[in-house]
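Q: Next up is a structure, given as structure tokens.
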Amino acid sequence: MKFKMNRVSQTVVAGLLLGGASFAAQAEITLIKQDPQPYDLLSRLDFKVGGSIRPQFQNTMGGSDKGSYKNNGYDGGTRFRFTADYFLFDDVHWISYYELGVNIPSVFGWDDHYAEGAHHTTRRQLYTGFKSKTYGTLTYGQQNSIYYDVVGAKTDVWDDDMLAQAPGNGINGDYDGSYRSRKQLKYKYAAGPVDLYAAYLFSDDDLLESNNLAYKRKGGGSVGANWHITDNLAWGSAYNYTSAEVKNRGAAGGSKDYDQSILGTALSWTPGNWTLSAGGGWYHNFLTTKVNNDQDYFAGNAWGVEYYAGYNIPVKQFAIKSVQPYFMGDHLKYVSGRDYQRTDNGVGVAVKLDYGFQVDFEHMITNSTDKIGDLNLVRLYYNF
């Protein structure tokens with residue numbers, strides 16, 4: 001059943017969704033606690049659930065998006081997490097993780113509050129493997145890429161972000177190896193203050209991008225390192241290579257192979273109440289030209305930078321835990337293959353409340369080749 005919602009109804013429903021979940025604490029909920037006992041197999045299991053409910057409103061200045069689902073209010077990334085840890089022997093554990101994205105307006109059929117053709121649910125991550133303090137962690141499945149773990153995550157700290165970094169700007173981060181990579185074998189080893197990473201990307205199914213074009217990942221790999229210089233200062237660098245093919249499935253036929261690569265580095269520093277981060281990357285055959293042609297689908301070279309500075313002010317009264325004003329921005333530029341660049345700079349404030357609630361407001365000023373308007377964004381959170 002489909003129906004429309006006015007602004008009052010949107011607010012009421014968002015409140016009910018958030019309030020109805022208030023039985024949970026902000027931290028993940030432990031359903032089964034690990035306490036190994038002889039001859040008791042279940043005692044070896046630790047099982048947790050958690051998640052984040054995220055109604056959001058987004059308004060482009062000038063009214064160009066008037067009546068759009070984003071302007072009306074939509075789901076800003078609701079997800080639910082399930083984590084299992086099974087003790088095997090010595091310090092070896094079998095681990096599994098599942099993260100499910102849920103588009104709440106799409107599930108309930110709220111007209112004009114979700115994109116046309118949006119799925120009710122999406123698989124954000126699903127992987128399994130083994131971890132050991134001695135030997136490291138080895139996992140397989142759909143999981144965060146090395147590039148995102150050590151570079152992208154450091155500036156993925158505000159709402160309207162990831163506009164200039166590799167994850168989120170390629171053809172699809174689940175397929176091209178930049179974000180939540182599918183069919184990935186990933187290894188992490190802690191060598192003193194440096195976390196070392198390596199991954200192999202297996203061949204994946206075709207990704208249909210149009211009626212006549214398909215993207216095929218044939219393989220790839222990643223390496224990275226995250227150096228914990230001090231307890232509050234980390235520096236990460238990563239490289240990802242993907243061998244890909246863009247197929248023309250139309251009458252003309254044909255295809256073209258692409259060697260895709262991304263190289264990036266980022267710093268994150270949290271001295272006292274400050275949170276400071278900055279990162280940048282070089283992207284080869286990674287960003288699209290916006291041309292629906294297998295021979296010219298990817299731009300040759302491009303680069304991007306992102307930066308963030310926020311100061312957390314503890315309040316701890318009137319149900320407000322803290323207020324964090326912040327400044328953020330990014331710049332993306334094509335070097336070849338397309339004449340395009342954009343610069344975003346903005347300010348925001350994040351208000352953390354009791355019981356896992358949070359409200360963010362952001363205003364972003366954009367200067368771009370395609371004249372994107374300035375943006376206002378409000379996101380409500382309930383984290384558990």
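The values are calculated or read from the model by the stated rules, or taken from the named source; none is laboratory data. Worth saying up front: this structure is predicted, and the values here are computed from it rather than measured. Cβ atoms come from the backbone with ideal geometry, glycine included; neighbour counts cover every protein chain shown. Just so you know, the surface numbers come from the protein's heavy atoms only, side chains and all, with ligands and any DNA or RNA stripped out. Shrake-Rupley method; radii C 1.70, N 1.55, O 1.52, S 1.80 Å.
Q: In whole angstrom, note down how far apart the Cα centers of region 180-230 and region 31-64 are.
A: Comparing the Cα centres of region 180-230 and region 31-64, I get a distance of 23 Å.
Q: Please sort 179-190, 365-376 by packing, taking for each peptide the average over its residues of neighbouring beta carbons within 10 angstrom, highest first.
A: Working: 179-190: 20.6, 365-376: 14.4.
Highest mean packing first, the order is 179-190, 365-376.
Q: Also, quick follow-up: How far apart, in nanometres, would the label points at Trp274 and Phe87 be if each is projected 7 angstrom from Cα along the Cα-to-Cβ direction?
A: 4.2
Q: Further question: Apply 1/(1 + (r/R0)^6) to the Cβ-Cβ distance of Val291 and Val359, taking R0 = 45 Å, and write down the FRET efficiency to the nearest 0.05.
A: Working: r = 41 Å, r/R0 = 0.91.
Here the calculated transfer efficiency is 0.65.
Q: Which stretch or stretches of region 213-232 have amide N atoms under 18 Å from the point lying 7 Å from Phe202's Cα along the Cα→Cβ direction?
A: Residues 216-222 qualify, since their backbone N sits under 18 Å from the label point.
Q: Here's something else I'd like to know. Loop-only check: which trypsin sites (Lys or Arg not before Pro) in region 36-77 are DSSP coil with at most 12 other Cβ within 10 angstrom? Provide the component values of the computation, followed by the final result.
A: On the way: sites: Arg44, Lys48, Lys66, Lys70; in loops: Lys66.
When the trypsin sites (Lys or Arg not before Pro) of region 36-77 are filtered for loop state and at most 12 Cβ neighbours within 10 Å, Lys66 remain.
Q: Could you please report the charge total around Phe357, scoring K, R as +1 and D, E as -1 over all other residues with beta-carbon less than 15 angstrom from its beta-carbon? Display every interim value, and only then the final one.
A: Numbers: positive: Arg54, Lys316, Lys321, Lys352, Arg379; negative: Asp354, Asp360.
Spelling it out: positives minus negatives among the neighbours equals +3.
Q: Based on the Cβ-Cβ distance of Thr343 and Ser210, what FRET efficiency does E = 1/(1 + (r/R0)^6) give at R0 = 25 Å, to the nearest 0.05? It would help to have the intermediate numbers written out before the result.
A: On the way: r = 29 Å, r/R0 = 1.17.
Here the calculated transfer efficiency is 0.30.
Q: Okay, next question. What net charge is computed for the residues neighbouring Tyr215, neighbours being all others with C-beta under 13 Å from the C-beta of Tyr215, Lys and Arg scored +1, Asp and Glu -1? Could you put the intermediate results ahead of the total?
A: Working: positive: Arg182, Lys216, Arg217, Lys218, Lys247, Arg249, Lys256; negative: Asp174, Asp176, Asp204, Asp205, Asp206, Glu209, Glu245, Asp257, Asp294.
Combined, the nearby Lys, Arg, Asp and Glu give -2.
Q: Give the calculated FRET efficiency between Ala225 and Asp111 to the nearest 0.05, with a Förster radius of 35 Å applied to their Cβ-Cβ distance. Before the final figure, lay out the partial values.
A: Details: r = 48 Å, r/R0 = 1.38.
The pair Ala225/Asp111 has a calculated efficiency of 0.15.
Q: Here is a follow-up. What is the distance, in nm, between label points placed 7 Å from the Cα along the Cα-to-Cβ direction at Asp35 and at Lys66?
A: Between Asp35 and Lys66, the simple spin-label model gives 6.2 nm.
Q: Take the solvent-accessible surface of the protein heavy atoms, probe 1.4 Å, and return the percent of it on the chain that carbon and sulfur atoms account for.
A: 59
Q: Same structure again: Given [x] 36; [y] 53; [z] 50 as candidate values of percent of Cα pairs over 29 Å apart, which corresponds to the one derived from the coordinates?
A: Checked against the structure: label [z].
Q: A further question follows. Give the residue list of chymotrypsin sites (Phe, Trp or Tyr not before Pro) in region 22-126 that are DSSP loop and have at most 16 other beta-carbon atoms within 10 angstrom. Please report the intermediate quantities before stating the final value.
A: Details: sites: Phe23, Tyr39, Phe47, Phe57, Tyr69, Tyr74, Phe80, Phe82, Tyr86, Phe87, Phe89, Trp94, Tyr97, Tyr98, Phe108, Trp110, Tyr114; in loops: Phe23, Tyr39, Tyr114.
Taking region 22-126 and a limit of 16 other Cβ atoms within 10 Å, the loop chymotrypsin sites (Phe, Trp or Tyr not before Pro) found are Phe23, Tyr39.
Q: Still on this structure, please answer the following. All other residues with a Cβ under 12 Å from the Cβ of Tyr179 taken together, and with Lys, Arg as +1 and Asp, Glu as -1, what is their net charge? Before the final figure, lay out each step's value.
A: Working: positive: Arg124, Arg180, Arg182; negative: Asp149, Asp156, Asp174, Asp176.
After counting each charged neighbour, the total is -1.
Q: Under 18 Å between alpha carbons, and skipping anything fewer than 8 positions from Lys333 in its own chain: which lysines qualify?
A: Straight-distance partners of Lys333: Lys290, Lys371.
Q: Further question: Straight-line reach from Lys133: which aspartates and glutamates fall under 15 Å, measuring Cα to Cα and dropping same-chain residues less than 8 apart?
A: Within the straight-line limit of under 15 Å, Lys133 reaches these aspartates and glutamates: Asp85, Asp90, Asp91, Asp195.
Q: May I pose another question? What distance in nm lies between label points placed 7 Å from Cα along the C-beta direction at Ala118 and Lys333?
A: In this crude label model, Ala118 to Lys333 measures out at 3.5 nm.
Q: Here's a follow-up. Quick one: accessible area per residue over region 252-384, 1.4 Å probe, rounded to a whole number of Å²?
A: On the way: 6330 Å² over 133 residues.
Dividing the accessible area of region 252-384 by its residue count gives 48 Å².
Q: While we're here: Sum -39500 (n - 2.57) across every DSSP H segment of at least 4 residues in the chain, then divide by the residue count to get the 222 nm mean residue ellipticity, nearest 500.
A: Values: 3 runs with 23 residues, N = 384.
Result for the chain: -1500 deg cm²/dmol, rounded to the nearest 500.
Q: Can I ask one more? Before I look further, what does region 24-135 give for accessible area per residue, probe 1.4 Å, in whole square angstrom?
A: Numbers: 6400 Å² over 112 residues.
Normalised by residue count, the accessible surface of region 24-135 is 57 Å².
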